[in-house]
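The values are calculated or read from the model by the stated rules, or taken from the named source; none is laboratory data. Predicted, not measured: the structure shown is a model, and the values here were computed from it. Using ideal geometry, Cβ is built from the backbone for each residue, glycine included, and neighbour counts are taken over all protein chains shown.
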Amino acid sequence: MNKFILIFIFFSISFGNITAQKKKVDVQKRADSILKIKPKTYKEINTILRVFRKDTTQLRLLVNIFSEKGYLVGKSYALNILGTQYRNYSDYKKAIKIHKKALETAIKANNIEFRVFSLNMLGVDYRKIDANRTALDYNQEALALAETVENPNLGLRRSIAVSHNSMGNIYLLLKQYDLASNQFYKSLKIEESINNELGIAINNQNIGYAKEALGDLDEALDYYKGSLSVNIKINNRFGIVICNSSIGRIYIKQGNSKKAIPLIKNNLLEAIKLENQDYLSTEYINLGWAQTKLYQYENAEKNLLKGLEIAKKYGFSSVISEAYAHLSELAQQKNDFENSLAYYKLAEEFDEKISNERNIQYVNDLIIKYDSEKKNNQIKVLAKQNEIDKLDFSKKRNIFLISLVSLVLLGLVLYFLYRHRYLKNEKRILTLEQDLLSIQMNPHFIFNALNSIKLYIINNEQKNAVHYLNKFSKLIRKILDASSVKETSLAEELETMDLYMGIENIRFSNQIKYETIIDSSIDLENIKVPPLVLQPFLENAIWHGLSSKKGLKKIIISVSQSNKEFIQIDIEDNGIGRIEAAKIKAKKVIHRKSIGIDLTKERLTNFAKDFQNSFSLTFNDLINDTNNSSGTKLTLQIPLF
């Protein structure tokens, strides 16, 4: 008997060695065929090597072969696929390491398609470990890089779809389901246009999740089933498990646990075969939840605890919170209210901790990013100041040389040449000073705004935090965009001021009523103004007029056209007035000189040089029926031609 066993083992080992050797020969053969033509696109390489996508040993062999032969594009492809396999097995640390190597290789190869592909893969890796800001940065970098290509090939279009999909998943984590759906729809449209069935399945699944989160269970179920049918068609085992898990969860929520349990049990067996611990822990918890609904308490508790154990072992934060919530529900149904309360508190505590850590980290990342941009701006300021100094020095030197030559020979001619050069330098200095002003963002405003948003997070006001964080990010982007242009449309300027007032209003507990009144006959898009020209006037109205006022606070911006030559902008507040503001300022120990209005006047003067007419700016004190100050009205007239 022992002899037969030994013979069986011998033949098994021999067969295994023969199979491994055969695979190695096949890998070498396919690698040699690729090295002859050295294709540069994902599609061309994948057509030949896709048979090795799930074999990490063969993929590592391909990496070594391509590395030795200096075929960097092929090496980047193999590294990206290898990293994806490790991610599928929940080894996110190794996946990140390998995808970073893939990105470095793609950069060395100067291949945009594989750079974008690698950036997207890193975005997915970091999203899996809840590093949302880092993930979003990688996906946005991938999207921006891909969109620099005028006519993107199939691989780049696929990468653009992946970028939209990944950003949608990040919005899901931040519970911004409408924004998430918008990204998924964009991704789905691209995937359908290139007939990528895997991408179609993934986006349908993600849209279903967003619909489920919004409570649209029937619509969510339709999207899940649509995704499942595509996954079955392409035999995507991971996708089938994910879809069946989601469908089972919908059945439970719809009160049909009997229908859910067989589906979940089959899915559980498949998750075990796939060795994906994330799916495995989720299916144990879904099974326990369904059994709780059917009063199968012993089995329910066993499965819930099993899912919790796996989630704790691998650090799946959201799954741990979900397990505690279902254990609380189970204990409540068993009338074990003490344990029910204990589990409920653990679920709430864990969920709140996850949410706060995600959002606080997101804001802290923004602060760090702002500090970095601020330092870069300071470097730009110094560089521009240095250029101004050089121009001043050049101007003085030219004055001396021209004066000397003019006294000797061609005084009059050289004087006109000097005058032309002088005016050109003066115009250049004004342009630089305007650019200098454009990149001067008020650090106090940025710091206070971020701290106000952070206070919402600390107070667990997540919706307010995300709402104002979105507004703040849009405002910062508009300010940065404004630094690169000399003029903008009045429509864009009013939109930016709306964002600015929304952020400033946080510090006044949203007590300021801000309103914009626009004459319907005015085309705001075709009217040009200097960027951020209204901000100093609004800031002046807030801090000198409204900050010391009690009761209702109002600011009204009115846009009208009194004649064909000018557009008129009125900024009216119901503050304490200029006289009272001056009295308060006189009582302050420290007097800080405000240069915002003066700089704005200089910018308007420079802006109006290209027009036939100049601008006008007037301040009027408003008086009520009792002859007391009722606010201030600023009137700004900007020339149209």
Within region 522-551, restricting to residues that are at pLDDT 90 or above and part of a loop (DSSP other than H, G, I, E, B), the one that is farthest from Glu487 (Cα to Cα) is Ile522
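For every residue, the table says whether it meets (1) of a type outside the set (A, V, I, L, M, F, W, C); (2) part of a helix (DSSP H, G or I); (3) on the phi < 0 side of the Ramachandran plot.
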| site | (1), (2), (3) |
| --- | --- |
| Tyr456 | yes, yes, yes |
| Ala465 | no, yes, yes |
| Ile476 | no, yes, yes |
| Glu492 | yes, yes, yes |
| Gly502 | yes, yes, yes |
| Asn510 | yes, no, no |
| Lys513 | yes, no, yes |
| Ile517 | no, no, yes |
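Here is a yes/no grid of residues against (1) more than 29 Å from the chain's Cα centre (by Cα); (2) not in a helix (DSSP H, G or I):
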site: Ile264; (1), (2): yes, no
site: Tyr295; (1), (2): yes, yes
site: Ser318; (1), (2): no, no
site: Ser321; (1), (2): no, no
Scanning region 133-157 for residues that are part of a loop (DSSP other than H, G, I, E, B) and β-branched (Val, Ile, Thr), the one surrounded by the fewest Cβ atoms within 10 Å (Cβ to Cβ) turns out to be Thr148
Note on region 160-213: residues under 25 Å from Asn460 (Cβ atoms), of a type in the set (A, V, I, L, M, F, W, C) and over 19 Å from the mean Cα position of the chain (by Cα) are Ala213
Picking from Asp523, Asp610, the residue that is more than 23 Å from Met497 (Cα to Cα) and under 40 Å from the mean Cα position of the chain (by Cα) would be Asp610
| said: For the structure I just gave you, tell me whether Phe238 is surrounded by fewer than 21 Cβ atoms within 10 Å (Cβ to Cβ) and either more than 30 Å from Thr84 (Cα to Cα) or aromatic (Phe, Trp, Tyr) (or both). | reply: yes
Only one of Asn460, Asn464 is under 30 Å from Asp351 (Cβ atoms), of a type outside the set (A, V, I, L, M) and surrounded by 16 or more Cβ atoms within 10 Å (Cβ to Cβ), namely Asn464
Open item on the list: Take Gln511 and tell me if it is surrounded by fewer than 18 Cβ atoms within 10 Å (Cβ to Cβ), modelled with pLDDT under 75 and within 21 Å of Ala541 (Cα to Cα).
Closed with: no
- Might you check whether a residue that is surrounded by fewer than 10 Cβ atoms within 10 Å (Cβ to Cβ) and in contact (Cβ under 8 Å) with a residue 60 or more places away in the chain occurs anywhere in region 563-580? yes
Self-check item: Residue check for Leu330: closer than 14 Å to Ile285 by Cβ and either free of Cβ contacts under 8 Å to residues at least 24 places away in the same chain or out of contact with any His (no Cβ under 8 Å at 6 or more places or on another chain) (or both)
Solution: yes
Contact list, first residue from region 243-264 and of a type in the set (Lys, Arg), second anywhere and not in a helix (DSSP H, G or I), beta-carbon distance below 9 Å, six or more apart or interchain, is Lys258/Leu294
Is region 78-91 home to any residue that is touching a Gly at 6+ places or on another chain (Cβ under 7 Å) and crowded, with 21+ Cβ neighbours inside 10 Å?
no
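Every residue, every condition in (1) on the phi > 0 side of the Ramachandran plot; (2) not basic (Lys, Arg), yes or no:
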| residue | (1), (2) |
| --- | --- |
| Val241 | no, yes |
| Asn244 | no, yes |
| Gly248 | no, yes |
| Ile252 | no, yes |
| Asn266 | no, yes |
| Glu275 | yes, yes |
| Ser281 | no, yes |
| Lys293 | no, no |
